[in-house]
Amino acid sequence: MRIEEVFLNLNIDDSVKKISFKSISEDTRDISKGDLFFIIKRDNFDIFSILNDIEYKVSAFVADIKYKNNLKGYIKSKPVIFVKNIKEEFHRVVDFVYGFNKKDLMFIGITGTNGKSTTATMIYYILKSIGEKASLFSTVKNVIGDSVQKADFTTPGYLSIRKMLSKINDKERHYVVMEVSSHGIVQQRIKNINFLRCIFTNLSRDHLDYHKNMENYFKVKKQLFINNKKGISLINIDDRYGRKIFKELDGSISYGMNLNADYRAVDITLSNQGSKFRLESLGKSFNVKTRLCGKYNVFNCLAAVSTVISLGYSITKVLDAVSSFNPVEGRLEAILNDVFVDYAHTPDGLEKVLKTLWEVGYRKIICLLGCGGNRDKGKRKIMGEVASLFADFSIITSDNPRNEDPLDICLQIESGFTTNNYKILLDREQAIEKALKMFFNFKGQYLDTNKGKKVCLVVTGKGHEEYQLIGNTKYPFKDADVIRKIIKKIKCKGA
């Protein structure tokens, strides 16, 4: 593609107009040879300082005209196209180059603090199970047709979304199920996407390092629904923020355990093998069985079921699909009997997981937890309070410390403990090994003395993640793999 094809109304030299480019980039880490590179200024990163280093790779640059003087001396041999609004031009050109056609795709967006991944993946699974074509953008993975990719963000960047969507070649109906993060909304990653369905799961403390307070956080989440009034919203009205949104929207559908919910779960039975409940809707009642544990997953099931039914599909086929859906990776995932990995990284998420383990019959709960560095510091003490209250013993450890001192983070978590039922071990692998040895020891004690107490271990915070972020470097580390490795070592030593 040539420059003149995408910048029709700009006064550009003829020699520049004829320049060809292969693709678009705006991240210096993702440049391909021959790209058209958009210079977009970012917080905490001096993009101008590296332009000379990447100049040999690109065909041309695009920059905001207000930075014309700043660029002198940085770019020496490649042309720069100056525009009045770099963000608007970036969005326009990306849509043009990657052929984004909103009419060909049917978008379903899920937002909230917790439950997005499970709800999104379940909706995707149901749609595929009943014969529809669908793609998935989630925290865990992105699935485009038959292609599966690891996800770097909950909601990919504007350019990444378009690049992936351009690979969908279906000329018939194709659903795109997408987790929508608050960052994705603020940073306009979902701009120009019209959602057919918008789902609200819940809202609790998270990302306050970015949003500053809960009111700002809520306002951002609410934008998804306000900006898509032509679609239908499905709202958890058991959540107080959900009730606020529901009151503002005409034609929305409610779900929950609330007496007034359009889709209501009653007669709930929980076990460590899954859950059963009765779904009441439109004067009818249906039995639902799921392999997912815990009340919070009942809400996720309600969100997924009500969404797909609202699209016009048979409730019988929808519930059949729900019954065969397996837990999402890193979401109360059983690594072996009574040992779980969970992504819980917020106070509410941690409380729900620990309460669920109690509800399904565990009476001795060991919890490993940490908090990420360079993120909301205010939640750390609260996480400690939750673990102190709902776990029998906790091990506080490192969890993606980034550029903070891991000990400082752990001490802030420790400040929330009101009892002495914890230990700090900074090395995450050593902490997991200690937790596993405690688990086997406790389990053996209760089996030997026939006290009948069910013991479990839950390793929280990272879930599906395959790295430990220390400083600015990602080191390979996956909780599930580490657990399996340590169990093998323990068994070998005991043999």
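We did not get these values from a lab; they are worked out from the coordinates using the rules stated. Nothing here was measured: the structure is a model prediction, and the numbers come from that model. Ideal geometry is used to build each Cβ from the backbone, glycine not excepted, and the neighbour counts take in all protein chains shown.
Note on ASN374 and ASN216: the extension gain reaches 54.9 nm, defined as 0.36 nm multiplied by sequence separation minus the Cα-Cα distance. If a spin label sat at a point 7 angstrom from the Cα of LYS141 along the line to its beta carbon, the backbone N atoms of segment 284-328 nearer than 14 Å would be those of 326-328.
The stretch between LYS191 and THR316 holds 41.5 nm of extra length on full extension. This uses 0.36 nm per residue minus the Cα-Cα distance.
In the chain, a dipole from Cβ-located charges (positive for Lys and Arg, negative for Asp and Glu) runs towards its positive end, and of TYR241, SER323, SER147 it is SER323 whose Cα lies farthest in that direction.
With mean projected area of the Cα convex hull in nm² as the read-out, I listed (i) 28.9; (ii) 26.2; (iii) 23.4; which label goes with the value calculated from this structure? Given (i) 28.9; (ii) 26.2; (iii) 23.4, the structure-derived one carries the label (ii). For the pair GLN223 and ASN421, a Förster radius of 56 Å applied to the C-beta separation gives a FRET efficiency near 0.85, rounded to the nearest 0.05. Where a ≥ b ≥ c are the square roots of the eigenvalues of the C-alpha gyration tensor, would you call segment 102-323 rounded, which needs a/c under 1.5, or, failing that, prolate if a/b is larger than b/c, or oblate? Note, shape of segment 102-323 comes out oblate. Packing order of peptides 397-403, 68-74, 270-276, 477-483, highest average first: 397-403, 477-483, 270-276, 68-74 (average count of other Cβ atoms within 10 Å over each peptide's residues).
For segment 142-297, the Cβ-based charge dipole about the Cα centre amounts to some 160 debye (Lys, Arg positive; Asp, Glu negative; other atoms uncharged). Which shape class, rounded, prolate or oblate, goes with segment 39-180 when its Cα gyration tensor gives a ≥ b ≥ c as root eigenvalues, a/c under 1.5 marks rounded, and past that a/b bigger than b/c marks prolate? The shape class here is prolate. Considering helices alone, the calculated mean residue ellipticity of the chain at 222 nm is -10500 deg cm²/dmol, with DSSP H runs of length four and up weighted by -39500 (n - 2.57) and normalised per residue.
Highest mean first, the peptides 360-372, 249-261 sorted by other C-beta atoms within 10 Å per residue fall in the order 360-372, 249-261. For the chain, give the share of DSSP beta bridges that are antiparallel, in percent and rounded to the nearest 5; count only bridges with both residues there. Of the beta bridges lying entirely in the chain, close to 35 percent run antiparallel. Among the DSSP helices (H) of the chain, those spanning at least 15 angstrom by Cα along their long axis with an average Kyte-Doolittle hydropathy of 0.0 or more are 86-97, 116-129, 295-310, 378-390; this is a geometric and hydropathy rule only. What the phi angles of segment 11-22 give under the Karplus curve with 6.51, -1.76 and 1.60, with θ = phi - 60°, is a coupling list of 7, 10, 4, 4, 5, 7, 4, 7, 5, 9, 9, 8 Hz, glycine and proline written as x. The local environment of SER252, defined by Cβ-Cβ distances under 15 Å, has a net charge of +3 under the rule Lys, Arg +1 and Asp, Glu -1. At full extension, GLU172 and LYS230 could sit 18.7 nm farther apart than now, given 0.36 nm per residue minus the alpha carbon distance. Highest mean first, the peptides 412-419, 104-111 sorted by other C-beta atoms within 10 Å per residue fall in the order 104-111, 412-419.
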